[in-house]
Ligand code: AMP
């Protein structure tokens, strides 16, 4: 009669660290540091302050902040009072941010002082009544907008919540927006149950990785913004495991490298462009990175970058997922890398499905394509933590879940060992003379050439072939010499059968740096537009 059903709730993530790591530290750059007992106390105070502002079940609390201890506190306090945490992508344009605030129906906005000018610009067009709490690192803020006060002061004066109620585990916990190539940003949300299951699966998937993995001795620092799929969900995992955690505030290469040294950071995750930026920063030369494990996601890990990181002693490998998948789907199969001669391609492949994840590679009729290392198709997935729908977007939801499987929009293949490799994004595939060319394969080959810092392969319209591949490169050194080396690399790949003749780009363009999206990935949409326009004007 009295059995307890134990709903899977965010509050339960806090139980284990309090008992086995109460004195472990959580650090916000040079702003604040405290132990897990203080963290849990502050989460209770933040919850009390939120309740005093009228927040509870059904409300939406938005956060605009750099990666901070405050953000981590909100990861817990907001869902623990039954509200939804809207992690606002601060890199979007003011108009897009306004769209997301209105679409999410935010009731309370916690905004870092640096974003106040932008918020003031759009404030009059926020459609619902809303309240503002200011986030600062030093307590100083302008009175440009009416507010409920500053976060630290509210926490100090709050009546702390210590006994959090149970909720239905399917209650919405988090909400954020993903920006596609067209249309408005799409709202993606997760329940408390999904976040708890994702947390357990990441711990189970990354923990046992041979020779490293994520374990109790690690010091964690995210270098994926906390607004991007809750920092890929790893802050919840690090908290569950009671790890020492370092939140870097605003990203700056010198500062990030300094924090790695100062706090002996051993585990991070980021998109490839950020790792490349860190490795090429002047301070990298004098920073010991030999104890650092880095998971790369968000884009393919180019083999050149992987090798560069390995040369610095960094234990680097890929994982794969997307905003709609919480995000964890697969991780590089590191069993093979115990062999010192293991190829880098084991680390760069997206590997094997995470615990509880089902992955298929299918054709347009949803038939599985052969697992032969050659046949490609769309990657579709099932897992307990995939977003169930886009907010207020039935057509988008229907397409996402067509046939009862979540459609990733990625093209890939399984080899006969069951390793998944992504060859392209559906919208990025290059089709020349009716044949598909893998943009990732071209980028990978180019990334091995010395001097090439960033590379993107895109398809541009061609009257004869439909499309032709074009390479856009940012490099250091003599462009002509680099192009010669690159052409030799492609020629070798063609002779050895690794690349088809028609896949070799006719044109290679050098630029100072490549455009990036709001989450730091290469922006191929912008590149396609720029170079299609350039080509049209040249010929026309
Ligand atoms: P986002 O929703 O912004 O996180 O982007 C998700 C997309 O990033 C995926 O659908 C893939 O196209 C790409 N992606 C993520 N991880 C990888 C990876 N390891 N290799 C190749 N592409 C990846």
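The values are calculated or read from the model by the stated rules, or taken from the named source; none is laboratory data. Bear in mind the structure is a predicted one, so any value in this text is a computation, not a measurement. All Cβ positions, glycine included, derive from the backbone under ideal geometry; neighbour counts span all protein chains shown.
Quick look at the numbers
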quantity	calculated
Residues of segment 223-265 that turn out to be away from the ligand (no atom under 16 Å from the Cβ), within 20 Å of residue 115 (Cβ to Cβ) and touching a residue at least 12 places away in the same chain (Cβ under 8 Å), as a count	6
Residues of segment 311-330 that turn out to be more than 17 Å from residue 412 (Cα to Cα), more than 10 Å from the ligand (Cβ to nearest atom) and assigned to a strand (DSSP E or B), as a count	2
Restricting segment 403-446 to residues that are assigned to a helix (DSSP H, G or I), more than 13 Å from the ligand (Cβ to nearest atom) and touching a residue at least 24 places away in the same chain (Cβ under 8 Å), the residue that is nearest to residue 368 (Cα to Cα)	403
Whichever residue in segment 433-451 is surrounded by fewer than 19 Cβ atoms within 10 Å (Cβ to Cβ) and modelled with pLDDT under 90 and, among such residues, is farthest from residue 491 (Cα to Cα)	434
Test: residue in segment 388-402 that is under 22 Å from the mean Cα position of the chain (by Cα) and within 11 Å of the ligand (Cβ to nearest atom)	no
Count of residues meeting criterion [touching a helix residue (DSSP H, G or I) at 6+ places or on another chain (Cβ under 8 Å) and within 15 Å of the ligand (Cβ to nearest atom)] in segment 352-375	2
Residue 463 being on the phi < 0 side of the Ramachandran plot and in contact with a helix residue (DSSP H, G or I) (Cβ under 8 Å, 6 or more places away or on another chain)	no
Answer residue from segment 201-213, given it is in contact with a helix residue (DSSP H, G or I) (Cβ under 8 Å, 6 or more places away or on another chain) and surrounded by fewer than 23 Cβ atoms within 10 Å (Cβ to Cβ) and is modelled with the highest pLDDT among those	203
Selection within segment 170-197 - in a loop (DSSP other than H, G, I, E, B) and either buried (at least 20 other Cβ atoms within 10 Å of the Cβ) or within 23 Å of the chain's Cα centre (by Cα) (or both)	179, 180, 181, 182, 183, 184, 185
For residue 90: the one exception among (1) part of a helix (DSSP H, G or I); (2) under 22 Å from the mean Cα position of the chain (by Cα)	(1)
Some residue of segment 65-84 being touching a helix residue (DSSP H, G or I) at 6+ places or on another chain (Cβ under 6 Å) and either farther than 20 Å from residue 239 by Cα or part of a strand (DSSP E or B) (or both)	no
Enumeration of residues in segment 294-310 that are out of contact with any strand residue (DSSP E or B) (no Cβ under 6 Å at 6 or more places or on another chain), near the ligand (Cβ under 8 Å from one of its atoms) and either in a helix (DSSP H, G or I) or within 21 Å of residue 266 (Cα to Cα) (or both)	298
